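*Asks:* The structure's right below; bear with me while I get my questions together.
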Amino acid sequence: MATETLSVATRPRSPASPARRARRRLGPGRPIPYGRLLGPALLVAIWAAASATGLLDPRKLSAPWTVAGTAADLISTGALQDNILASLERAVSGFLIGAVIGTALALLAGTSRIGEALIDGPMRIKLAIPTIGLIPLLILWLGINEGFKITIIAVAVAVYMYIQVFAGLTGIDQRYVELAQVQNYSRWEFLRHVVFPGALPGFFVGLRLAVTASWLILITVEQINALSGVGYMMSQAQLYAQTDIIVVGLVVYGIFGFASDALVRFTERRVLGWRRTLTS
């Protein structure tokens with residue numbers, strides 16, 4: 001009897017059935033509410049701690065509370081709002097023009113072999129040339145005025161939009177094209193039901209890259225013979241070593257970029273809600 005009890009106690013247990021095993025989570029997990037704000041909040045906390053402990057020289061980088069006070073002063077005088085409005089007008093104008101041109105060129109190149117032959121080569125060459133490198137030439141052509149600033153932003157946006165939308169168009173599965181032929185789709189029906197939906201993912205990727213590019217180029221052009229804008233405000237502050245105003249400008253640009261990217265992400269989730277991805 002004891003032998004039977006010992007043998008039962010020491011008998012190795014059979015492995016749990018696959019159904020009872022805990023399912024391993026391979027994906028990134030559930031989304032964290034307002035998770036994208038955690039990183040910026042951590043940076044601000046580190047910045048505040050370094051300023052409070054004296055690790056950061058206020059002459060090199062002003063403390064967060066100093067920057068907040070300076071921003072409040074600029075708002076009270078209306079200077080910050082005026083400069084923000086001027087920057088927004090340039091960025092939005094250049095972005096809209098560039099997005100329309102880049103998308104139109106991509107549609108022409110992605111749906112026509114003749115269009116691809118004529119358009120794709122020059123756009124690839126432009127992609128290899130930094131947009132900032134075109135500034136001297138565009139100044140000679142257009143002068144240093146608002147047209148020049150909007151044009152340089154539009155050029156950068158158009159290239160990013162073209163590359164991503166064209167990649168989306170050329171990446172459409174050939175089986176969908178064959179199915180459209182079997183269904184005897186007209187040219188417009190083919191574009192509407194196959195081409196446009198297939199290009200949407202690339203279109204939104206292009207939008208996100210183009211939004212970032214528009215703010216990056218704006219920072220540069222607003223420091224070239226500008227009389228208004230956040231970049232102009234920062235360049236004037238540099239002359240008097242006013243780091244608090246410079247940081248205010250950087251924060252404004254950061255908020256612009258973060259908010260516009262979040263808006264594109266939100267729209268993308270709404271429009272492409274049918275797509276199942278790793279983070280959806």
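*Asks:* What nm value, rounded to one decimal, do you get for the distance between Ile125 and Thr170 when each label is placed 7 Å out toward the C-beta?
*Replies:* Roughly 1.7 nm, to one decimal.
*Asks:* Still on this structure, please answer the following. So for each of 158-170, 201-213 I average, over its residues, the number of other beta carbons within 10 Å; can you give me the resulting order with the highest mean first? Kindly include the intermediate steps, with their values, before the conclusion.
*Replies:* Working: 158-170: 23.7, 201-213: 21.7.
Ranked by mean Cβ neighbours within 10 Å, highest first: 158-170, 201-213.
*Asks:* For every helix of n ≥ 4 consecutive DSSP H residues, a contribution of -39,500 (n - 2.57) applies; sum these over the chain, divide by its total residues, and give [θ] at 222 nm rounded to the nearest 500 deg cm²/dmol.
*Replies:* Theoretical 222 nm ellipticity from helices: -23500 deg cm²/dmol.
*Asks:* Quick one: accessible area per residue over the stretch 63-272, 1.4 Å probe, rounded to a whole number of Å²? Write out the running numbers ahead of the final one.
*Replies:* Numbers: 11100 Å² over 210 residues.
With the other protein chains kept in place, the stretch 63-272 gives 53 Å² per residue.
*Asks:* Another question about this same structure. Using a 1.4 Å probe over the heavy atoms of the protein chains, calculate the carbon and sulfur portion of the accessible area of the chain as a whole percent.
*Replies:* Values: 11740 of 18150 Å².
Result for the chain: 65 percent of the exposed heavy-atom area is carbon or sulfur.
*Asks:* Still on this structure, please answer the following. For the chain, what does the relative contact order come out to in percent, with C-alpha contacts under 8 Å and a separation of six or more?
*Replies:* On the way: 255 pairs, mean separation 64.0, N = 280.
Across the chain, relative contact order equals 23 percent.
*Asks:* Taking the mean number of other Cβ atoms within 10 Å as a proxy for protection, how do you rank 78-86, 179-187 from highest to lowest? Numbers along the way, then the final one.
*Replies:* Numbers: 78-86: 16.0, 179-187: 11.1.
Highest to lowest by the protection proxy: 78-86, 179-187.
*Asks:* For the stretch 63-272, take the alpha-carbon Rg, divide it by the Kirkwood Rh, and send me Rg/Rh. Walk me through the intermediate numbers first.
*Replies:* On the way: Rg = 20.5 Å, Rh = 18.9 Å.
For the stretch 63-272, the value is 1.08.
*Asks:* Here is a further query. Between Val177 and Thr111, with labels modelled 7 Å along Cα→Cβ, what's the label distance in nm to one decimal, could you check?
*Replies:* Label at Val177, label at Thr111, 1.4 nm between them.
The values are calculated or read from the model by the stated rules, or taken from the named source; none is laboratory data. Remember, it's a predicted structure, so these values are computed and weren't measured experimentally. Neighbour counts are summed over all protein chains in view; Cβ atoms, including those assigned to glycine, are modelled from backbone coordinates with ideal geometry. Only protein heavy atoms, including side chains, enter the accessible area calculation; ligands, DNA and RNA are left aside. Shrake-Rupley method; radii C 1.70, N 1.55, O 1.52, S 1.80 Å.
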